[in-house]
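Heads up: the structure comes next, in structure tokens.
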Amino acid sequence: MIRPRDPNELRKLPRLLRAVAWRLPLEFGELLGKLSYKPIDRCLNKDKLVEHISERGEAIEETAVTTGQRKVLFSALAHTEKMSEDIAEIGAWRGITTAAMAGHTVRRVYAIDPHKENEFPGINEAFEVFRKRTSPFSNVVYVRRSSGDAAKELSYIPLSLIFVDAIHDYINTWFDFRVWGSLLVPGGIILFHDVDDHAGSNLACRRILRQKNYQVWGYCPNLVALKKVAEA
Ligand SMILES: C[S@@+](CC[C@H](N)C(=O)[O-])C[C@H]1O[C@@H](n2cnc3c(N)ncnc32)[C@H](O)[C@@H]1O
């Protein structure tokens, strides 16, 4: 795979280069996402869905993942439970979904989040809460890094399930799909959150749905799951 440029690295370039290499593609992706926006349930063949929850369900405290979306996540965990490869979550915030997954699997769960100090309101507290909430789970491995840095560090680790819930714009969602998807073994499942509520993630998701080596597997509004059927 030709490794795509890490948006997090492009952000650190000097001003002019950053404007051309990061800001422009970022804004273009968001604009294209808004102009071409289409709810994901109108982009997939519902007959192919193994798990389909038609309503979002109830809100869950401290996470934007709803009860309906969590059901798809748990089904994907159960479906892949016989696989021996590890799990990765990209974007862990306060650890609600990390702990939920860790409690429903014997596999190792890599929780990737830079929890970058003072980056935005609530992040410092989210880090503390995440540490407390996940510490009882011996199968959680916390990787305090950005998605791109963590993908480099874990590049030799095959994965059976990946939950992408980090930066919800086009360039980051597509980047996360490319780098993390390359670690997913055939038969494994990758899930994306916020594919209906964020125009950029929606655009990336529509592109991902067209990849021939993936088959749509599950859907609840704002969350989609795809099964890898072959290497690219
Ligand atoms: C939507 S929250 C994750 C929510 C979590 N999955 C849950 O449901 O509770 C997004 C998280 O992505 C993290 N994040 C920001 N930039 C990131 C990056 N470059 N790579 C990975 N995670 C990042 C943020 O720190 C934040 O905690």
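Look through 147, 182 and report the one residue that is open to solvent by 10 Å² or more (accessible area, probe 1.4 Å), of a type in the set (S, T, N, Q), at pLDDT 95 or above and in contact with a strand residue (DSSP E or B) (Cβ under 6 Å, 6 or more places away or on another chain). Only one candidate qualifies: 147. The set of residues in the stretch 135-168 being away from the ligand (no atom under 12 Å from the Cβ), within 14 Å of the chain's Cα centre (by Cα) and not aliphatic (A, V, I, L, M) consists of 160 alone. Is it the case that residue 116 is open to solvent by 10 Å² or more (accessible area, probe 1.4 Å), near the ligand (Cβ under 7 Å from one of its atoms) and charged (D, E, K, R)? So residue 116 fits the description; yes. Inside the stretch 23-63, residues that are of a type outside the set (Ser, Thr, Tyr), within 16 Å of the ligand (Cβ to nearest atom) and either modelled with pLDDT under 95 or farther than 20 Å from residue 7 by Cβ (or both) make up a count of 7.
Determine whether the stretch 67-74 contains at least one residue that is more than 10 Å from the ligand (Cβ to nearest atom), open to solvent by less than 40 Å² (accessible area, probe 1.4 Å) and more than 20 Å from residue 180 (Cβ to Cβ). Step through it out loud before you land on a result.
Our first condition is that a residue be more than 10 Å from the ligand (Cβ to nearest atom); within the stretch 67-74, this holds for 67-68, 71-72, 74.
In the following step, the residues that additionally are open to solvent by less than 40 Å² (accessible area, probe 1.4 Å) were identified as 68, 72.
Imposing the further condition that a residue be more than 20 Å from residue 180 (Cβ to Cβ) reduces the set to 68.
Checked against the condition, which is being more than 10 Å from the ligand (Cβ to nearest atom), open to solvent by less than 40 Å² (accessible area, probe 1.4 Å) and more than 20 Å from residue 180 (Cβ to Cβ), the stretch 67-74 yields at least one hit.
The values are calculated or read from the model by the stated rules, or taken from the named source; none is laboratory data. What you see is a predicted model; the values in this text were computed from it and never measured. Backbone-built Cβ (ideal geometry, glycine too); neighbour counts: all protein chains shown. Side chains are part of the model used for accessible areas, which takes the heavy atoms of the whole protein and leaves out ligands, DNA and RNA. Shrake-Rupley method; radii C 1.70, N 1.55, O 1.52, S 1.80 Å.
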